[in-house]
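Input: a single structure, listed below in C-alpha cells.
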Amino acid sequence: MGTTRMAEFKGIVMFRRDYRERDMLVKILTDHYGFKMFFIRGARKRGFKMGASILPFTTAIYTGTINDEGLSFIDAAKDVSQYQKICQDILLNAYATYILGLVSAAFGDARALGRWYPKTVAALGAIDRGLDAGVVTNIVELQLLANFGVKPNLKRCVICGQTQGEFDFSESYGGLLCRKHWSVDTNRMHLDKRTVYFIRFLSSVDLLRLNSISLKEETKQKLRYVLDQIYNNDVGLNLKPKHFLDEMLKGSQNILNSHFGIDK
C-alpha cells in the first residue's frame, strides 16, 4: 500500500491537460518527490484561484498531498513565478519542453532527482535569461548520459589514457581516442579540435554557475550531430518533444536560407 503525506514542496509545471468536465491533471517536477501527476479539482472553472500556479513553466512552492501511488493533490501555492521568455517564444518553449522530457525519461515518475532538480531549474533559468538554448540543452544531454547507463570517456584516450593533445570521438570505443590511436576506428567521428574541446568542457560545466556561453554556429551543429548520434545509437531514446524541436529548427533554417537566398 502506498504512502500518503502532507507536504510543502517546490515545483515546476511540466504540462497540464483537461480531465472530466471541470478538472485538470497537472504534471509537476517536484524538488523531493520527482515527477508527480496532480489532480486539480475545479481548475477549469471561471475564476479558479490557483489558475496562475498551474500554468506550464510556472514555478511555485506548493502545499498538498503527495501519494506514492496514483494521483496527488494541491491545496495551495505561494511564491508563484513563470519563465516569461520561455512561455512567449515557441522555440525556447520547445527546448525547455525537451529538457523536461529528457529529465523525465532519465528518472521516470515519482523518483527523487537529487542534484538534478536544481540543475534542471538552472537550465531553464539560463534559457529564460537569454543564454543559448541549444548549448544549454547540449549540457543537459551530455550530463544526463550516465543516468541512461551511457557514460562515454571524455577525459582521456580510452586506449592509453592520454589526457593532452588531439582527440576524436569513437562510438565503438565509447569515448575519446588520441591521435596515436585514431587508426583503431576508421569510423570515428572525425571531429575538429574545437568541437572536441566543447564536448569535454560542456560535459563537466556547472549549470548552477553558468552565466554566459557562446559557440560558433558550425560548432553548435557539430555538437548537435554528435549528441544525436549518441542518443539515437547508444541511448535509443525517441522523444516526441525532440522530434518537434528538430522540426522547429529545420523550419528556422529553411527560413534563413530563403531570406539569404541560399539554395541547398
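The values are calculated or read from the model by the stated rules, or taken from the named source; none is laboratory data. A quick note: this is a predicted structure, and the numbers were derived from the prediction, not measured. Here the Cβ is made from the backbone with ideal geometry for all residues, glycine too, and neighbour counts use every protein chain on show.
At a glance:
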read-out: Selection count, region 64-120, where residues are crowded, with 18+ Cβ neighbours inside 10 Å, assigned to a helix (DSSP H, G or I) and touching a residue at least 60 places away in the same chain (Cβ under 8 Å); value: 13
read-out: Residues (part of a loop (DSSP other than H, G, I, E, B) and under 26 Å from the mean Cα position of the chain (by Cα)) located in region 44-63; value: 55, 56, 57
read-out: Residues of region 226-244 satisfying the condition of being in a helix (DSSP H, G or I), surrounded by 13 or more Cβ atoms within 10 Å (Cβ to Cβ) and out of contact with any Gly (no Cβ under 7 Å at 6 or more places or on another chain); value: 226, 227, 228, 229, 230, 231, 234, 235, 242, 244
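Here's the yes/no breakdown for (1) assigned by TED's automatic domain parsing to the domain that holds residue 75; (2) buried (at least 17 other Cβ atoms within 10 Å of the Cβ); (3) part of a strand (DSSP E or B); (4) at pLDDT below 95:
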| residue | (1), (2), (3), (4) |
| --- | --- |
| 8 | yes, no, yes, no |
| 13 | yes, yes, yes, no |
| 18 | yes, no, yes, yes |
| 28 | yes, yes, yes, no |
| 36 | yes, yes, yes, no |
| 39 | yes, yes, yes, no |
| 42 | yes, no, no, yes |
